[in-house]
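S.K.: My structure is below; once you've seen it, I'll send some questions.
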Amino acid sequence: MPVMHKFSASRVVMYAADHLLAHVHVQLRDGRECTVELESLTIVGRIAAREIREELRWIDTHRAWLLEQWRRLNP
């Protein structure tokens, strides 16, 4: 489970051999977690977009790199 980026209250991770669609996991310090689909930035889980606004901006900015990492970890 490579950590793609750490924030003060969360981290963005990606799992190898994970299910489709291409996505990352956002894990909050309080134990909650959601996935964010890389193509659409759709949040799957019980976390509101306002709670992970900074993470969504980072994911959007680094989307091409994240998709490369997804292809490498999920051939």
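S.K.: Since Arg72 meets every condition but one in (1) over 11 Å from the mean Cα position of the chain (by Cα); (2) assigned to a loop (DSSP other than H, G, I, E, B), which condition does it not meet?
M.R.: Here Arg72 clears every test but (2).
Quick grid of which residues meet (1) open to solvent by 20 Å² or more (accessible area, probe 1.4 Å); (2) in contact with a Phe, Trp or Tyr (Cβ under 9 Å, 6 or more places away or on another chain); (3) small (Gly, Ala, Ser); (4) not in a loop (DSSP other than H, G, I, E, B):
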| site | (1), (2), (3), (4) |
| --- | --- |
| Ala16 | yes, no, yes, no |
| Leu21 | yes, no, no, no |
| Val24 | no, yes, no, yes |
| Gly31 | yes, no, yes, no |
| Cys34 | no, no, no, yes |
| Leu41 | yes, no, no, no |
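S.K.: Of (1) within 20 Å of Pro75 (Cβ to Cβ); (2) touching a Leu at 6+ places or on another chain (Cβ under 9 Å); (3) at pLDDT 95 or above, His25 satisfies all except one. Which?
M.R.: Going through the list (1) within 20 Å of Pro75 (Cβ to Cβ); (2) touching a Leu at 6+ places or on another chain (Cβ under 9 Å); (3) at pLDDT 95 or above, His25 breaks only (2).
S.K.: Answer yes or no as to whether Ile47 is open to solvent by less than 30 Å² (accessible area, probe 1.4 Å), assigned to a loop (DSSP other than H, G, I, E, B) and of a type in the set (A, V, I, L, M).
M.R.: yes
S.K.: Right, here's the next one. Count, please, the residues in the stretch 1-14 that happen to be open to solvent by less than 30 Å² (accessible area, probe 1.4 Å) and either without any contact (Cβ under 8 Å) to a residue 12 or more places away in the chain or under 16 Å from Gln69 (Cα atoms) (or both).
M.R.: Looking only at that region, the number is 4.
S.K.: Somewhere in the stretch 25-48, is a residue out of contact with any helix residue (DSSP H, G or I) (no Cβ under 6 Å at 6 or more places or on another chain), in contact (Cβ under 8 Å) with a residue 40 or more places away in the chain and among the hydrophobic types (A, V, I, L, M, F, W, C)?
M.R.: No, the stretch 25-48 has no match at all.
S.K.: I'd like the full set of residues that are touching a residue at least 40 places away in the same chain (Cβ under 8 Å) and of a type in the set (D, E, K, R), limited to the stretch 49-60.
M.R.: Listed by number, the residues that qualify are Glu54, Glu55.
The values are calculated or read from the model by the stated rules, or taken from the named source; none is laboratory data. Bear in mind the structure is a predicted one, so any value in this text is a computation, not a measurement. Heads up, the Cβs are rebuilt from the backbone with ideal geometry, glycines too, and the neighbour counts pull from every protein chain shown. For the accessible areas, the whole protein counts, side chains as well, though only heavy atoms, and no ligand, DNA or RNA atoms are used. Shrake-Rupley method; radii C 1.70, N 1.55, O 1.52, S 1.80 Å.
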